Each structure stands twice: as C-alpha cells, then as structure tokens.
Amino acid sequence: MNPKLRKVLIYSTVVFIAATTVDFFRSDFFNVTPRVLIIFGSLLILLSILLYYYSLLSSQEILNIRYNLRIYFSVAILVHTLCFSPLDFLSNYFNTTTGNELFVAFRAQVIFILNILLYLTYTIAFLVCSRKRN
C-alpha cells in the first residue's frame, strides 16, 4: 500500500480510538448504542475497504481477482456495513417500549438476512479460492 494511504488509515484509526474512548466516559455506554462508535466505525471500515480497492486497481493483483479471497471478504463486509449501520444508528430512536414493534421486527429480519448473506459469501469465497489451490 502507498505510504500516504497507510498514514491516512493509521490516523483515522487513532481518531476512532480517541473518539470512542471519550464517548465511553461521556455517555451511558451500556444502555444506549453509542452514535460515535457507529458513525466513526462505519466510516473507518468504508475508508479501509475503499483504500484497499484503490491499491488493488494500481497493482497487478487485479488480473486474478476471481481467486482473491480478500475481494470476497471486502465486498461482503462493505454490503453488510452499508446496510447495517443506518439500522443500528436508528435503533436508539426506536424500541419496543415506545410502541415501535414494526421497526424492531424489521431490524431483526434485516440483521438475520445480512448475516446469512455475509457468511454465505464467506463460504463461497473459501470454496472458490480452495479450488484454485487444488
């Protein structure tokens, strides 16, 4: 990876850890999902995946993309993060005590489907990449 991109990722990680630590001591961490953790965590995951895609485009590794295990993992995590983060962020505003059972049921179904897709993608990735080695 490019040293400049690596520094951006390291600085982003340090900012994430600092913001999470400050939010941990400032808020009711165990009863409410911390918004700082959700926002910065999702942005850090997206940034690292996009930087990986950028470095992949500038290398020869793009020629064997079908048998690259990291591509499958990054696509699965990218889709999971993009779909799960808004639901997790909104879960602070909707709960069963205020009569929002529809949102809670929808969130549970979406999480179930996202987890199935995530682990199914991991399984397919392992199968496809293991055939190349054999």
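The values are calculated or read from the model by the stated rules, or taken from the named source; none is laboratory data. The structure displayed is predicted, hence computed values, not measured ones. When we count neighbours, we look across all protein chains shown, and the Cβ atoms used for this are built from the backbone with ideal geometry, even at glycine. To get the accessible areas, we keep the full protein, side chains included, count just its heavy atoms, and leave off ligands, DNA and RNA. Shrake-Rupley method; radii C 1.70, N 1.55, O 1.52, S 1.80 Å.
Averaging sequence separations of C-alpha pairs under 8 Å and six or more residues apart, then dividing by the length of the chain, give the relative contact order as a whole percent.
Normalised by residue count, the contact order of the chain is 27 percent.
Suppose every K and R has +1 on its Cβ and every D and E has -1 on its Cβ; what is the size of the dipole of the chain about the Cα centre, in Debye to the nearest 20?
680
For segment 49-55, what does the Karplus curve 6.51 cos²θ - 1.76 cosθ + 1.60, with θ = phi - 60°, yield as ³J(HN,Hα) per residue in whole Hz, taken in order and with x for Gly and Pro?
The phi angles translate into 5, 5, 5, 5, 5, 5, 5 Hz.
Can you give the FRET efficiency for I39 and I10, using 1/(1 + (r/R0)^6), R0 = 22 Å, r = Cβ-Cβ distance, to the nearest 0.05?
Efficiency, rounded to the nearest 0.05: 0.70.
For helix 101-133, what angle does its Cα long axis make with the longest principal axis of the chain, in degrees from 0 to 90 and rounded to 10?
In the chain, helix 101-133 runs at an angle near 20 degrees to the longest axis.
For segment 36-45, in order, what is each residue's ³J(HN,Hα) by Karplus, 6.51 cos²θ - 1.76 cosθ + 1.60 with θ = phi - 60°, in whole Hz (x at glycine and Pro)?
Each residue's phi maps through the Karplus curve to give 4, 5, 5, 5, 5, x, 5, 5, 5, 5 Hz.
Just the accessible area per residue of segment 1-104, please: how many Å² with a 1.4 Å probe?
Computed with neighbouring chains in place, this is 69 Å² per residue.
Just grab the label-to-label distance for F73 and Q60, each label 7 Å out from Cα along the Cβ direction, in nm (one decimal).
2.3
Bin width 5 Å, alpha-carbon pairs only: give the P(r) of the chain as whole percents, running from 0 to the bin holding the largest distance.
Over the chain, the share of Cα pairs per 5 Å bin runs 2, 9, 14, 15, 17, 15, 12, 8, 5, 2, 1, 0 percent.
Work from the charge dipole of segment 1-67 (Cβ charges, +1 for Lys and Arg, -1 for Asp and Glu, about the Cα centre) and give the residue of V14, Y54, L44 farthest towards its positive end.
Y54
Let me have the 222 nm mean residue ellipticity of the chain computed from DSSP H runs of 4+ only, each contributing -39500 (n - 2.57), with the sum over all residues rounded to the nearest 500.
Helices in the chain give a 222 nm mean residue ellipticity of -27000 deg cm²/dmol.
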